[in-house]
1. How many of the residues making up region A:296-321 are touching a strand residue (DSSP E or B) at 6+ places or on another chain (Cβ under 8 Å) and either exposed (fewer than 14 other Cβ atoms within 10 Å of the Cβ) or of a type in the set (Lys, Arg) (or both)?
2. Of the residues A:TYR382, A:TYR373, which is under 23 Å from the mean Cα position of the chain (by Cα) and either closer than 15 Å to A:LEU575 by Cα or at pLDDT 90 or above (or both)?
3. Mind checking which residues of region A:570-584 are in contact with a Pro (Cβ under 9 Å, 6 or more places away or on another chain) and more than 17 Å from A:ALA610 (Cα to Cα)?
4. Restricting the first residue to region A:117-137 and requiring it to be farther than 17 Å from A:SER403 by Cβ, which pairs with a second residue that is within 12 Å of DNA strand B (Cβ to nearest atom) meet a Cβ separation below 6 Å and a spacing of at least six or different chains?
5. Could you tell me whether region A:494-502 includes any residue that is in contact with a Leu (Cβ under 7 Å, 6 or more places away or on another chain), in a loop (DSSP other than H, G, I, E, B) and within 16 Å of DNA strand B (Cβ to nearest atom)?
6. Could you tell me which of the residues A:SER528, A:SER565 is under 29 Å from A:VAL319 (Cβ atoms), out of contact with any His (no Cβ under 7 Å at 6 or more places or on another chain) and among the polar types (S, T, N, Q)?
7. Counting only residues that are within 16 Å of A:GLU540 (Cα to Cα) and not in a loop (DSSP other than H, G, I, E, B), which one in region A:108-130 is nearest to DNA strand B (Cβ to nearest atom)?
8. Taking the options A:ILE336, A:ILE362, A:ILE349, name whichever one is within 27 Å of A:ASN281 (Cβ to Cβ), within 25 Å of the chain's Cα centre (by Cα) and surrounded by 19 or more Cβ atoms within 10 Å (Cβ to Cβ).
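The values are calculated or read from the model by the stated rules, or taken from the named source; none is laboratory data. Please read these numbers as outputs of a predicted model, since none were measured by experiment. FYI the Cβ positions are ideal-geometry reconstructions off the backbone, even for glycines, and counts take in every protein chain you see.
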Amino acid sequence: MNLNFLNESQKQAVQQVDGPIMILAGAGSGKTRTLVARIQYLLEEKNISPYQILAVTFSNKAAREMRERLASSTSFNIGTLQVTTFHSFCAKVLRAESSYLGLSKNFTIYDDSETNSIIKAILNKRGISQKEISPFMISEFIDEVKNLGYFQGTSNTEEFSQFKSETLYWDIFLEYESELHRSNAVDFGGLITGVINLFHNYPEVLEKYQNKFKYVLVDEYQDTNRAQFHLITSIAQKLKNITVVGDEDQSIYSWRGADIRNILDFEQIYPEAKIIKLEQNYRSSKKIIEAASEVISKNFARKGKKMWTNNNDGNDILVVECRDDKSESDYIGKRIRELVLEGVSLKDIAVFYRNNSQSRMIEDVLRKEKFPYRVVAGIKFYDRKEIKDILAYMRVVINKKDSLALTRIINTPARGVGPTSLRKLEDEAVRLNVSLYEIIEKISSQPQEYKYLNLSAKVLSAISQLVQLITETQLLEQDKITPIFSYEKLLNESGYLDFLKTDKSYEGMARLENLDELSSALKQFEESTVEPTLEKFLEEITLDSNTSQENGVVDEISLMTVHGSKGLEYPYVFLIAAEDNIFPSYKSLESGSSAIEEERRLFYVAMTRAMKELVITFSQARMLWGSLKFNGPSQFIYEIPSKYYRWIQHQSIGHKHSSEKFENYDFDQTTNSYDDFGSEKVYQRKVTPSLIRSNYPTGSKIKHSLYGEGTVLDSEGSGDEEKVTILFKDGIRKKFMVKFAPLQKV
DNA sequence: GTTGCGCAGATTTTT
DNA sequence: TCTGCGCAAC
């Protein structure tokens, strides 16, 4: 196998076959290329069979990409090669070994919203109002416990004593777990912990997998949580042929449980580990790479890599100071227009923002300019009500114990089984210790035996019709009739389709269209799957929410959050709203340095997506949460040495760093256009000049007659409405109405 | 079932 | 300022 297309460290990463290896791969360093070459090398040069290799990544997107690249670069049959996500790998193991854990192999996978319903139901049952304990807090708690790898087994309990001391939460957690178990369901975290549990309690099962997978590779290692770490290290324990690839500087999901210890501990667990750094960047211009390196070097929590590139210097980074959000989007529109005139295609342009809400103003301007664009992510297709409804039908067909799905559909569309009847059925199920479905099954086959429940004739006929529909569809599934047939049967005979058709509103039409889209997803699934079943379809869509939209085929501008941009690259990148309190977020500013470091990594990720041109914009004034905010430029902008950027002002007021600007500027003169680029566009937003004035801009020093000297942290509103947050010398933080507070400028 | 009021809260979201 | 929600009332 010819490895000449690789550089020296990449070659090393490919040829170092045995033993533990940690590859620290910087942004744009050819990580996937190396990983693919490594697998190819194992297959072609070391005669490893495809089924002996396990390659796990975090996202389906990454797994798909790796699979495709492998398929095109090797002649081996990679069908048996496991290139999957953690979650689908675990689902597969759990289905294969379900009997060990008292699950049946057709278990349902609950996503976050289903999980949330379970929690709400538990709180409700316990008479705890959601104001006392928010379901969100419980789900955070559960996530945390599972991310750390808790399982209900014989050991690993001491580690979790701090959680157990939260007795109420722990209690709810246990009830939640048994509720899931009763429903023959597993949540996302439970997929991982379930396998850990299995391996821990049944060493013979673990050994089977240890022998099977001679080589284990983990991609995006910086994003793994503790549970996933336990999982892969236990599989690799015997042969220790484990390769992890990651970049601590791109770790941006710690709030989802990603644990930096996984990188730091690796060498401790495997003292013999080889550490290989991929530091040459092939993606970006020199200026971009050097600037990004400077920014990330401010972090302490890192192993330290020094990125470099042979690429050209390239253009200066542009830092654009705008008057407000309106003029910021105006600038973006204008710059994109220029790029297009230069012949740049739209698919080479991306706009990144810290928060989803910031996409709107960009969308507005792009629509106005008639540039096609695509907002990546947004609302998940499968989260829509109508989709969830019909999927719930499918879930009941596959897994009768899925009572959550059953309660969802039992009266959807309305068939007269209201809350009272449902309550009766549920109570009866509890009394007889059977599932909800079993109850309605029993009642519909022998209604006279359940006369004491006093169910109306309407209810009786409704549930027996539902049971009949489910039973018939189950038979179809058993006979391996194509899923689309079952889907249409459910849709028609449940009355759901007719129900939707009665809704003539715009939303109603959209719902029907969404169902069409679902059915084409089903068709596509049938075509691409060897033995398509409803069961497989359900798993695929819960574990892969991606609605298979192609990337780079259509010529349109991409809009996404910075998080969403990870792993992608674009020649022209705009990073907007780069202001303190937004990026870094106000929450991270409140919570301290490790949170700021994560924001800095995020900023680094954003910068390193850009190949040729990076434009960072911010606004002096921005409408946020009901009042005008003067946030000032992101502190990260100041971490870029000025030799790498050109500072531009667009319709802006005053000069440079906005903390100074509002003081010395005569706003009454600033009526219309401040376009220093000579655009014909006239500044239109009606902000009366007096409204924009801030007497105490962020960063300015003041003196308070009671508290002494301090610094303005935040300023909102203006004129008589102006409020400022001040941090005093002794660390006290206070908020004042400027109108009343005894403040003095220093 | 649907409407409407009041109130909190308002990052990021690979699975 | 805007939205999403839980809950109460029709």
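1. As a first pass, look at region A:296-321 and keep what is touching a strand residue (DSSP E or B) at 6+ places or on another chain (Cβ under 8 Å): A:303, A:305, A:307-311, A:314-321.
Then keep just the ones that are either exposed (fewer than 14 other Cβ atoms within 10 Å of the Cβ) or of a type in the set (Lys, Arg) (or both); that gives A:303, A:305, A:310.
Within region A:296-321, residues that are touching a strand residue (DSSP E or B) at 6+ places or on another chain (Cβ under 8 Å) and either exposed (fewer than 14 other Cβ atoms within 10 Å of the Cβ) or of a type in the set (Lys, Arg) (or both) number 3.
2. Working: A:TYR382 fails: either closer than 15 Å to A:LEU575 by Cα or at pLDDT 90 or above (or both).
The unique qualifying residue is A:TYR373.
3. Let us first name the residues in region A:570-584 that are in contact with a Pro (Cβ under 9 Å, 6 or more places away or on another chain), namely A:578-580.
Those that are in contact with a Pro (Cβ under 9 Å, 6 or more places away or on another chain) and more than 17 Å from A:ALA610 (Cα to Cα): A:GLU579, A:ASP580.
4. A:PRO135/A:ASN116
5. yes
6. On the way: A:SER528 fails: under 29 Å from A:VAL319 (Cβ atoms).
Selected residue: A:SER565, the only one of A:SER528, A:SER565 that is under 29 Å from A:VAL319 (Cβ atoms), out of contact with any His (no Cβ under 7 Å at 6 or more places or on another chain) and among the polar types (S, T, N, Q).
7. Our first condition is that a residue be within 16 Å of A:GLU540 (Cα to Cα); within region A:108-130, this holds for A:108-112.
Okay, now just the ones that are also not in a loop (DSSP other than H, G, I, E, B), so A:108-110, A:112.
Details: A:THR108: 14, A:ILE109: 8, A:TYR110: 11, A:ASP112: 6 Å.
The extreme case among them is A:ASP112.
8. Numbers: A:ILE336 fails: within 25 Å of the chain's Cα centre (by Cα); A:ILE362 fails: within 27 Å of A:ASN281 (Cβ to Cβ).
None of the others qualify; the one that does is A:ILE349.
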